[in-house]
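First up is the structure itself, then whatever we jot down about it.
The values are calculated or read from the model by the stated rules, or taken from the named source; none is laboratory data. Just so we're clear, the structure is a prediction, and the values are computed from it rather than from any experiment. Every residue, glycine among them, receives a Cβ derived from its backbone with ideal geometry; neighbour counts consider all protein chains shown.
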């Protein structure tokens, strides 16, 4: 049986591999990350439940691919090139509980999309272009979510 998330997994691992090397080093340079680390966390049943793409060259198109994996509960895309347009794809993640966006170009334009993520329990949105008013709107729209 074919893996329905094969392409998304390949994108995640490619981005993580770029992050795991010293800046500007060729692929032949050893990984900086400890052996055995991965950008993907799986459940005991093998479902992908966590993706860590923090500080990688992740784009909105990459987020669209990652959002094709509905079992994801934790997504760390802080310090990436993700914008409001990429956030719109996250509505495809009905189980998303934790999302970190620190240090991205996300702005108040993403609030309409973030407000739809009712399963969130944590949203890290400091050091973005979201205003205080935007953060207040998110806290109101997501009362069961810690917004910081």
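Brief remarks on what is shown
- In the stretch 6-25, the residue that is surrounded by the most Cβ atoms within 10 Å (Cβ to Cβ) out of those that are at pLDDT 75 or above and more than 14 Å from residue 57 (Cβ to Cβ) is 8.
- Restricted to the stretch 91-110, and to residues there that are assigned to a loop (DSSP other than H, G, I, E, B) and under 22 Å from residue 57 (Cα atoms), the residue that is nearest to the chain's Cα centre (by Cα) is 101.
- Members of the stretch 60-87 found to be part of a loop (DSSP other than H, G, I, E, B) and more than 16 Å from residue 40 (Cα to Cα), listed by number: 79, 80, 81, 82, 83
A quick yes/no check of all residues on (1) out of contact with any strand residue (DSSP E or B) (no Cβ under 8 Å at 6 or more places or on another chain); (2) part of a helix (DSSP H, G or I); (3) modelled with pLDDT of 90 or more:
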site: 41; (1), (2), (3): no, no, no
site: 49; (1), (2), (3): no, no, yes
site: 55; (1), (2), (3): yes, no, no
site: 89; (1), (2), (3): yes, yes, yes
site: 112; (1), (2), (3): yes, yes, yes
site: 120; (1), (2), (3): no, no, yes
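- Subset tally (residues that are crowded, with 18+ Cβ neighbours inside 10 Å, touching a helix residue (DSSP H, G or I) at 6+ places or on another chain (Cβ under 7 Å) and over 14 Å from residue 49 (Cα atoms)) for the stretch 91-112: 3
- Flag for residue 116 being assigned to a helix (DSSP H, G or I) and either surrounded by 18 or more Cβ atoms within 10 Å (Cβ to Cβ) or touching a helix residue (DSSP H, G or I) at 6+ places or on another chain (Cβ under 9 Å) (or both): no
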